Structure formats: structure tokens, C-alpha cells
Amino acid sequence: MITLKDIAKEAGLSVAQVSRALNDHDDVSKETKQKVEDIANSLGYVKNISAHRLVMGVSNRIDFVVQGFTDEDNMLEHNEFYAMINGVNKYANEKRYEVIIYILQPTEKSYVQFFRERGIRNAILYGFEYDDPKFQELLSITCNMVCIDIPINGENKGSVIVNNTHYCTQAVEAIINSGKQNIALLTGSPHAVVSIEREAGYRIALTKKKLPIKENYIVDADFRQSVAYEKTLYLLQQNPEIDAFFCISDYMAIGCMEAILSIGKVIPDDIAVMGFDDIPISRYVTPKLSTVKQYSFNKGFEAAKLLIQIENKEQVNPTVILNCEMQLRDSI
């Protein structure tokens, strides 16, 4: 195995000088850095990033810990996860960090023990239920953590979120402005922060437009396309006057649209549908789905950036709020 000593001998430099050149220190000239890099490449040297950062007393690893993928169908409906992990990986690569993904099952007796057994020191968390006692216990440990979609506070903690309530208010107002007044809501889970915040936006929009909030129009569909299909049929059977659905995820919106079309109704003439997320398929279903676009890649990128800033003890705002964008298409 080629070592720094081999490179130093070939370059006529000390091991310390070679190390500083390979680690891009400012006190090493560009010429020396290039010379050392060329020799290292010619000798086939491979830098052990993990060993280097271990010596420096810091981690070179970001652990992306996901909870909530309980089966294959459920995993597919977390479509934004793939864009987020690309965002995490993009920033991690820029900073020479590696990314490890853990899918944490809710059957784990202790999330704290899971972290300790795997030596997790820098974690991005996604898909957790905010009121899960095991999640609350996890937040009490000293590990550097950034949560996506859950606002958290504390030392070495941060969040990357969107203003769900604001954008959902806009989405429901758009439905109302299209002429619809009997608007049902397919929400996700009562244990998910995004469900609570997006339902709040629905309620605010109806109140602002002086429309009644009918509790029997609001049902949980567990973020699942198949459940949304069944719940839509149930709501229309019980309340045939419903002329629009706001679904707090696109996967539920697609299930809702399938149900509406299955009973011979026309979208949006008879019943309008609005989603949230702007997953790729939303632009290709018929009619094209109106939705709120989240920039999921940016969520991952900013989460990784914030996590490394926290690790490096930089002075940063621990809450990053990202923008969304309305996508008004053919379904309203």
C-alpha cells in the first residue's frame, strides 16, 4: 500500500508537507499541491478519508436515518426521499463526507440504542412521528441532528422545513377561486407534523373565504394511494355534494383521482383535485395534477449543509425554511 512516506520520498518533501498539500491547506503553494497530487496519482495513492478525520477528531460520515418505510408500497409513496438523498449526497461529496442510509423500523425498542450501537454522530432524520416517545428520547442525546419536516430545538440540533400551513392555505384558496365550495380533505397521519400543518392551512383558507368547516369532510388516508382511493369513494357516497378534494400528498391525490374517474365523474368539471409535493408522475396523469411543488433535492442539500455547520460549531440559524411553488394544471 502506498503511504504518505512514499509520496514524500518521491517529492523530496517531508511527510507533514505532503499531508498538508493533499488536504488543501492554505499555506501550501498551488504548485506544490499540484506536484504532490500528480505524484500521488502516479503511485496509485488512495487517501483514507475516514482515518484522516478520525485523527482530526471529527466524523466524515452523515447518517441518513429514515423511519416509516414499513412495506414496499409505503416506501414507494415516500417519493421525495430519492430527491432528498441526492441532495444530501451532493453536499456531502463537496465536503468529502460519506453518506450511510439506515431504514429504522418502528419495532426497534430504543432509537437511542440503535444510534449508539452504530456509532451515529451526525444524523439527518426523516419520516419520524413527532409524538413518538422513542423519537423524543432520541432528541435528548448529544448527537448532532437535523430533522427534515419536523421543527426541533436544542443544542446540536436543527431543522429543514417548509411553511406547510401557508402553502396549503394558498392551495385551498386556489380551489375555491376556481368555483368550488364543498371541499373535502384527505390528510395523512395524526402523528405527522406535516399532516397537522397542512390541515391547518385547509381550515384557514375555508375560514378566510367564509366557508363552513365540515368535520365529516376530513379523513386520514395514511399517505397511501390505495387508502385514498377507498376514502374518496366513501366520502362521495356519504356526501355526494363534494365538488373538490385537497389531498396533502400527490400519491393520495392520484388515488383520489382514480376513485373519482371510476364512478364516471369528470375532473375538474364535476370534482376538482389538488395535491402537494409535485412528484414526477403528477405531470403525466390525466388530467395533469395541480399541486404544490416542494424542492426535495434542496431539502436534502440544506440538511447536510446545516448538519456539517452544526458539527463544526458554526454560528447558524438552526431552522432552515425553504420555499414551495404553486403548480396550477388541469385538475382544478
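Any read-out appearing in this document is the output of simple, stated calculations on the displayed coordinates, not a laboratory observation. These numbers come from a predicted model, not from an experiment. No Cβ is skipped: glycine too gets one built from the backbone with ideal geometry, and neighbour counts run over all protein chains shown.
Some notes on this structure:
- Hz values of 3J(HN,Hα) by residue in the stretch 239-250 - Karplus curve (6.51, -1.76, 1.60), Gly and Pro given as x: 9, x, 7, 4, 10, 6, 10, 9, 10, 7, 8, 5
- What the Cα convex hull of the chain gives, in volume per residue, is 164 Å³.
- Considering only alpha-carbon pairs that sit under 8 angstrom and 6 or more positions apart, the relative contact order computed for the stretch 164-293 is 26 percent.
- Remark: spin-label model distance Val46-Glu325 equals 4.1 nm, labels positioned 7 Å along the Cα→Cβ axis.
- The Kirkwood hydrodynamic radius of the stretch 164-293, based on inverse pair distances between different Cα atoms, is 14.0 Å.
- Check: the stretch 164-293 dipole with +1 on Lys, Arg Cβ and -1 on Asp, Glu Cβ, in debye: 320 debye
- Along its first, second and third principal axes, ordered by size, the stretch 4-47 spans 24, 17, 16 Å in Cα coordinates.
- Here is the tail figure for the stretch 138-214: Cα pairs spaced more than 19 Å apart come to 46 percent of all pairs.
- Equivalent ellipsoid of the stretch 109-152: semi-axes from √(5λ) of the C-alpha gyration tensor, largest first, are 16, 13, 9 Å.
- Cα long-axis angle, helix 80-94 against the chain (0 to 90 degrees, to the nearest 10): 20 degrees
- Length gained when the stretch Asp24-Val112 is fully extended (0.36 nm per residue, less Cα-Cα span): 28.0 nm
- If the segment from Asn93 to Glu314 were pulled out straight at 0.36 nm per residue, it would be longer than the present Cα-Cα gap by 77.6 nm.
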